[in-house]
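S.K.: Please find one structure pasted underneath; my questions will follow.
The values are calculated or read from the model by the stated rules, or taken from the named source; none is laboratory data. Since the model is a prediction, treat every value here as computed from it, not as a measurement. Here the Cβ is made from the backbone with ideal geometry for all residues, glycine too, and neighbour counts use every protein chain on show.
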Amino acid sequence: NTGTGKGLALAGVILGALAVVIGIVINVAFASVFKDAVDDATGTTVVAPGGSGDSADAGLGSTRDNPAPLGSAVTGDDWTVTINSVAKVEEDSFGSKAAEGSVLLLVNLTATYDGDDPQGSTPWATVNFVTADGTTIDSLDASTLFLTKDSFDSMTTLYAGGSTAGDRILEVPADGWEQGVLAVSPGMFSDDTFVAVK
């Protein structure tokens, strides 16, 4: 009976160790699948003007040091956003001017719905400004509410292939704004892609 007890104990230890190893393998596999799913859902791709979206564009816009040029198509989360132009303006359409030490940037963008929801979707594109020292500024950081004549319409429902275009105004520090970049996210869960302002 002593031999039987030792055999059962040894079998229990072996089976316990095997269960731990199998558990670790399953957790690693699950974590890898989960990470891939999150990367697919949040990742963006960039096609520069005249680019093909191949490896030449890989990494473009993924860091502030390597921003995508104006006109690049940033795709992610069922949407493609293109920053068509960035211009410094003196005032908004109602004559409001930037606070002292700041300038107004008029950002013209186009959002195109690439998804296939039969009910359509509304654009959730965000465009923020990142200063050369790494501070993010969004439209809510402005000294007042700035309005444009051709405002970007984020409330319209678009269907597959539909687009909307318009302007947003950002109030940014006047000193060195040319060295800043835009942080563009084409969808609610998409990563930011950095786009040059000039």
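S.K.: Modelled with pLDDT of 85 or more and not hydrophobic (A, V, I, L, M, F, W, C): is that true of Gly51 in this structure?
M.R.: no
S.K.: What is the number of the single condition among (1) farther than 21 Å from Pro49 by Cβ; (2) more than 20 Å from the chain's Cα centre (by Cα) that Thr135 does not meet?
M.R.: Only one criterion is unmet by Thr135, namely (2).
S.K.: Quick check on region 138-169: of everything there that is outside any loop (DSSP other than H, G, I, E, B) and in contact with a Pro (Cβ under 8 Å, 6 or more places away or on another chain), which residue is nearest to Thr82 (Cα to Cα)?
M.R.: Thr164
S.K.: Sticking with this one: Go through region 149-178 and count every residue that is of a type outside the set (A, V, I, L, M, F, W, C), touching a Leu at 6+ places or on another chain (Cβ under 8 Å) and within 28 Å of Ala99 (Cβ to Cβ).
M.R.: 4
S.K.: Could I ask something else about it? Scanning region 170-192 for residues that are within 18 Å of the chain's Cα centre (by Cα) and in a strand (DSSP E or B), which turns out surrounded by the most Cβ atoms within 10 Å (Cβ to Cβ)?
M.R.: Taking the candidates together, the pick is Val184.
S.K.: How about region 107-133: which of its residues are within 14 Å of Ala174 (Cα to Cα) and outside any loop (DSSP other than H, G, I, E, B)?
M.R.: Residues satisfying the conditions are Phe129, Val130.
S.K.: Tell me which of these Thr144 doesn't satisfy, since it passes every other one: (1) more than 20 Å from Trp79 (Cβ to Cβ); (2) surrounded by 14 or more Cβ atoms within 10 Å (Cβ to Cβ).
M.R.: Single failed check for Thr144: (2).
S.K.: Looking at Ala183, is it in contact (Cβ under 8 Å) with a residue 24 or more places away in the chain and farther than 28 Å from Gly50 by Cβ?
M.R.: no
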